[in-house]
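Asker: My questions all concern the structure below.
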Amino acid sequence: MSTTDNLRVAVVGAGMMGADHVRRITAKISNADVVAVVEPDEARAQAAAALAPGAVTAASFEEALDRTEIDGVIIATPGFLHEPILVTALERGLTVLCEKPLTTSAEDSLRIVELEQQHADRPKIQVGFMRRFDAGYKELKALRESGANGALLALHHAHRNPTTPPNFNESMLIHDSVIHEIDIIPFLTGEAITQVEVKKPRKNSLAPADLPEPQFVLFTTTSGTMAIVEINVNAQFGYQVTTDAVFESGVAYIGRETSQTIVSAGRSSQGVTPSFKERFGAAYDEEVQRWVDAARLGGIDGPSAWDGYTASVVAEVAVRAQQSGALETIEYAVAKPAFYATADDTALTEA
Ligand code: ISE
């Protein structure tokens, strides 16, 4: 493609997230068009394609590649289906925005990282950790880096969803939900996660019978900063993601105020966002626009496959910790290749 052309995007997977990205690219994002919707469920495919004039539908990614010219791919299928689509995209030299998790195992994610380095001269896969584009998380990272309140000692994360979809199992608490904190903790602290432990309080009787939750997942980073995550995905009342950061001389918190406060009839009330689509809507918009801008120049602008790999390593050990109840240590099989060096690495080296 020429740098003045719009990015021709295939969206693979037309469930809630895929359809949302089709709508977003068509209505809000500059310099990109959805040219293909890949989805085996015909009704879903048609419904999503109807949002993007001119888009073809296809039952498989290969079929879409045969039918139309594609420059970039958004992968929004369930996580266990990501790997073959990533492999095809890398072989074709396409730029990718892959919804989290990169894959559901550390071994598969490492294979993707290795394949990307074989096929490309720069990172081509961005992972959809959208919290990094949320204003609150960016401010919190900047506060920690400024040192204004001393060192960061601890983080309290609450991750609450109203209910779970059918077939949501215990390991998905980690792979599908806590994976966001697994990414955002190194982003906020500037450090790798080294240990994890899981505690299970009294079960919510409103959660499915075979889903023991809520759970507390306790992470430790290299300097000893601790981050506790309350994962609570049948909380009933709405969607809530908050983080309180405890510094040496102050605390900062984000995610609490979600709407105006209405004081009326002797009560003061605020709305709660119904789902992640609203809570992180602005973050998704920025994530996708920055990916499109970078993809038109052949690269990415956000978390890479390396970040996806390290998150997979931590997630795998966290699932083990769910079962063992023990404190588990995290080891990364390989060191970060220079291929994935970022501006953040330079800042850390200089600090
Ligand atoms: C969902 O897939 C998301 O990515 C949401 O951000 C998260 O809060 C939710 O728990 C996941 O199921």
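Asker: If you go through the range 139-157 one residue at a time, do you hit one that is within 16 Å of the ligand (Cβ to nearest atom) and acidic (Asp, Glu)? Give the steps one after another, and end with the answer.
Answerer: Taking the range 139-157 first, the residues within 16 Å of the ligand (Cβ to nearest atom) are 157.
Now drop any that are not acidic (Asp, Glu), which leaves none.
Looking for residues that are within 16 Å of the ligand (Cβ to nearest atom) and acidic (Asp, Glu), one finds none in the range 139-157, hence no.
Asker: Taking Thr104, is it within 16 Å of the ligand (Cβ to nearest atom) and in contact with a helix residue (DSSP H, G or I) (Cβ under 7 Å, 6 or more places away or on another chain)? Explain how you work it out, then say what you get.
Answerer: Details: within 16 Å of the ligand (Cβ to nearest atom): yes; in contact with a helix residue (DSSP H, G or I) (Cβ under 7 Å, 6 or more places away or on another chain): yes.
Yes: the conditions hold for Thr104.
Asker: Being of a type outside the set (Val, Ile, Thr), more than 13 Å from the ligand (Cβ to nearest atom), part of a helix (DSSP H, G or I) and at pLDDT 95 or above is the requirement here; does Phe219 meet it?
Answerer: no
Asker: Scan the range 283-326 residue by residue and report those that are among the basic types (Lys, Arg) and within 22 Å of Val196 (Cα to Cα).
Answerer: Restricting attention to the range 283-326, the residues satisfying the condition of being among the basic types (Lys, Arg) are 290, 296, 320.
Within the range 283-326, Arg320 is the sole residue that qualifies.
Asker: Just give me the residues in the range 1-21 being at pLDDT below 95 and within 15 Å of Ala64 (Cβ to Cβ), in sequence order.
Answerer: Passing the criteria: none in range.
Asker: Under the condition of being in a strand (DSSP E or B) and not aliphatic (A, V, I, L, M), which residue from the range 89-101 is nearest to the ligand (Cβ to nearest atom)?
Answerer: First, pick out the residues of the range 89-101 that are in a strand (DSSP E or B): 95-99.
Those still in the list that are not aliphatic (A, V, I, L, M) too: 95, 98-99.
On the way: Thr95: 22, Cys98: 13, Glu99: 8 Å.
Across the range 89-101, the extreme among qualifying residues is Glu99.
Asker: Look through Ala10, Ala59 and report the one residue that is within 21 Å of Pro84 (Cα to Cα) and surrounded by fewer than 16 Cβ atoms within 10 Å (Cβ to Cβ). It would help to see each step written out before you state the result.
Answerer: Values: Ala10 fails: surrounded by fewer than 16 Cβ atoms within 10 Å (Cβ to Cβ).
Exactly one of Ala10, Ala59 is within 21 Å of Pro84 (Cα to Cα) and surrounded by fewer than 16 Cβ atoms within 10 Å (Cβ to Cβ), namely Ala59.
Asker: Restricting to the range 250-269, name every residue that is among the aliphatic types (A, V, I, L, M) and closer than 30 Å to Gly147 by Cα.
Answerer: The first filter runs over the range 250-269 and keeps only residues among the aliphatic types (A, V, I, L, M), leaving 251-252, 254, 262-263, 265.
Within the range 250-269, Val251, Ala252, Ile254 meet the criteria.
Asker: Could you list, in sequence order, the residues of the range 270-305 that are part of a loop (DSSP other than H, G, I, E, B), within 16 Å of the ligand (Cβ to nearest atom) and within 22 Å of Ser109 (Cβ to Cβ)?
Answerer: Gly302, Pro303
Asker: Where in the range 122-207 are there strands (runs of 3 or more DSSP E), lying fully within it, with 1 or more residues that are of a type outside the set (Gly, Ala, Ser) and surrounded by fewer than 16 Cβ atoms within 10 Å (Cβ to Cβ)?
Answerer: Numbers: elements: 125-128, 152-160, 193-199.
Passing ranges, in order: 152-160, 193-199.
Asker: In the range 228-248, how many are within 16 Å of the ligand (Cβ to nearest atom) and either free of Cβ contacts under 8 Å to residues at least 12 places away in the same chain or out of contact with any Gly (no Cβ under 9 Å at 6 or more places or on another chain) (or both)?
Answerer: Qualifying residue count for the region: 10.
Asker: Under 19 Å from Lys277 (Cα atoms), in contact with a Lys or Arg (Cβ under 9 Å, 6 or more places away or on another chain) and not aromatic (Phe, Trp, Tyr): which single residue out of Leu51, Leu65 fits that description?
Answerer: After applying the criteria, what remains is Leu51.
Asker: Which residues, taken from the range 53-70, are in a loop (DSSP other than H, G, I, E, B) and among the small types (Gly, Ala, Ser)?
Answerer: Gly54, Ala55, Ala59, Ser60
Asker: Can you confirm whether the range 262-275 contains a residue that is of a type in the set (D, E, K, R), in the same structural domain as Asp183 (by TED's automatic domain parsing) and in contact (Cβ under 8 Å) with a residue 12 or more places away in the chain? First the steps, then the outcome.
Answerer: Let us first name the residues in the range 262-275 that are of a type in the set (D, E, K, R), namely 267.
Remaining after also requiring in the same structural domain as Asp183 (by TED's automatic domain parsing): 267.
Then drop every residue that is not in contact (Cβ under 8 Å) with a residue 12 or more places away in the chain, which leaves none.
Looking through the range 262-275, none of the residues is of a type in the set (D, E, K, R), in the same structural domain as Asp183 (by TED's automatic domain parsing) and in contact (Cβ under 8 Å) with a residue 12 or more places away in the chain.
The values are calculated or read from the model by the stated rules, or taken from the named source; none is laboratory data. These numbers come from a predicted model, not from an experiment. Cβ: placed from backbone, ideal geometry, glycine included. Neighbour counts: every protein chain shown.
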